[in-house]
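See structure below.
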Amino acid sequence: MVRAAVLRERGDATPDPLLTLVETIEDLSSARTVDQVAGVIRSAARRITGADGVAFILRDEGRCFYLDEDAIGPLWKGRRFDMSECISGWCMLNAQTVVIRDIYQDPRIPHDAYRPTFVKSLVMTPVRPRDPIAAIGAYWASERQPTEDEVAKLQIMARATATALDSALMYASLSETLERRKFLLRELDHRCKNTLAAVQSIADQTLRHAQSPRHFVEAFNGRLGALSRAHELLTREEWGRAPLAEVLAQTLAAFGGVDGERIKAGGPPIRLAPETSVAMHMAFHELAVNAAKYGALSRDSGRLEVAWTVEAGADERPMLVLTWSERGGPPVTAEPRRGFGSRLIEQGIARDLNGAAVIDFDPQGVVFRLRAPLSDRMSRT
């Protein structure tokens, strides 16, 4: 900073290359993004070297990405080339500065790519001597031999650029981490509120239909456990889409599990959005509790089969068709009093999936049918 101030006091009409170099390093130290680094380099490198054009090239896996340029004519800004087909790629792969007096006499130059440009001579230097991550190219419109001083200043600039890029990438990573932290806190707050609202609703509805305190405790604990298991599955799936088969298996695990004999389940791969996973889990739980108390799962001879398929609807939209079928349990003599569980199964699921759901209390066993269109809430894998 002191050196730059002293140099500014000279008041020279012609920019001092040394002053420009010092100012460039100062500007690079305050750059916070890769684009800002490129912006500093593209103009400063021309003033320092006296080149007719400068390009800033990033190493993009196996390609060279011409991020920015400042030149008397268009070069290759925004384009990508294979590392093996570009002199900047050769420069980075070999970690060497390249000085070429006549580009059309050098076999490493892709001549067809250069013919539309003004370039006759060039210097290409890597950014970071070990494991280069970028390159700076300086180009001249007339054939000439760049001086050792011009090359040296470009190399100094490249070293400063390496540090600036590392800082920019670190700054971007830190910013991303902070934003991710804020997002996670907001998401956690949202999910906690939703969960508390669900627990409050379960408690209220269970209490409203409970025949006794004992019945309330039993039903409430069961539903709370089902909600917990649903969240456990979603946590394993990192709160992404959960497979329908796993949602069903997780629910039925508390009732003997899907064993292929007494309890069968199967269908094509379907994935459920997090909110739909919870709703389906709770609906399956209500059906399983009823089956364990009064239906097929209350007897050793009882059988439960859950099957689903995807069919074309009336408007040709793919529809999920799911059937929960109980057989071998006690005869169903009358339709039970409809409470929270029945409304959750028939109304809640249907509303959530924009479909239709119905429980049929057939004398041979309860049958639940769900028919709903595939959507962003429920899709094929």
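For the subset of the stretch 104-139 comprising residues that are hydrophobic (A, V, I, L, M, F, W, C) and surrounded by fewer than 21 Cβ atoms within 10 Å (Cβ to Cβ), which member is nearest to I57 (Cα to Cα)? Across the stretch 104-139, the extreme among qualifying residues is I133.
None of S228, S173 is of a type outside the set (K, R) and either closer than 16 Å to M282 by Cα or at pLDDT 75 or above (or both) except S228.
Among the residues of the stretch 77-98, the ones that are crowded, with 19+ Cβ neighbours inside 10 Å and either in contact (Cβ under 8 Å) with a residue 40 or more places away in the chain or outside the structural domain of A158 (by TED's automatic domain parsing) (or both) come to 4 in all.
Here is a check on your reading of the model: is T163 at pLDDT below 80, more than 16 Å from V37 (Cα to Cα) and either part of a loop (DSSP other than H, G, I, E, B) or among the β-branched types (V, I, T) (or both)? Answer is no for this residue.
Determine, yes or no, whether A152 is in the same structural domain as I48 (by TED's automatic domain parsing), over 17 Å from D35 (Cα atoms) and either in contact with a Cys (Cβ under 9 Å, 6 or more places away or on another chain) or at pLDDT 70 or above (or both). Yes.
Would you mind stating whether A357 is in the same structural domain as L287 (by TED's automatic domain parsing) and at pLDDT 85 or above? Yes; evaluated as a whole, the condition is true for this residue. Go through (1) under 19 Å from T161 (Cα atoms); (2) without any contact (Cβ under 8 Å) to a residue 60 or more places away in the chain; (3) of a type in the set (A, V, I, L, M, F, W, C); (4) touching an Asp or Glu at 6+ places or on another chain (Cβ under 8 Å) and name the single condition C64 misses. That leaves (2) as the condition not met.
Out of R337, R299, one residue alone is out of contact with any Leu (no Cβ under 8 Å at 6 or more places or on another chain), surrounded by fewer than 18 Cβ atoms within 10 Å (Cβ to Cβ) and at pLDDT below 85. It is R337.
When the stretch 118-141 is examined, which residues are found to be among the hydroxyl-bearing types (S, T, Y) and touching a residue at least 60 places away in the same chain (Cβ under 8 Å)?
The answer is Y139, and nothing else.
Does at least one position in the stretch 118-132 carry a residue that is modelled with pLDDT of 90 or more, of a type in the set (D, E, K, R) and either out of contact with any strand residue (DSSP E or B) (no Cβ under 8 Å at 6 or more places or on another chain) or not in a helix (DSSP H, G or I) (or both)? Taking every residue of the stretch 118-132 in turn, at least one turns out to be modelled with pLDDT of 90 or more, of a type in the set (D, E, K, R) and either out of contact with any strand residue (DSSP E or B) (no Cβ under 8 Å at 6 or more places or on another chain) or not in a helix (DSSP H, G or I) (or both). V217 passes every criterion in (1) under 28 Å from P330 (Cα atoms); (2) assigned by TED's automatic domain parsing to the domain that holds E346 apart from (2). Scanning the stretch 49-65 for residues that are in contact with a helix residue (DSSP H, G or I) (Cβ under 8 Å, 6 or more places away or on another chain) and more than 19 Å from E150 (Cβ to Cβ), we see that the one that is surrounded by the most Cβ atoms within 10 Å (Cβ to Cβ) is C64.
The values are calculated or read from the model by the stated rules, or taken from the named source; none is laboratory data. Just so it is clear, the model here is predicted, and its values are computed rather than measured. Ideal geometry is used to build each Cβ from the backbone, glycine not excepted, and the neighbour counts take in all protein chains shown.
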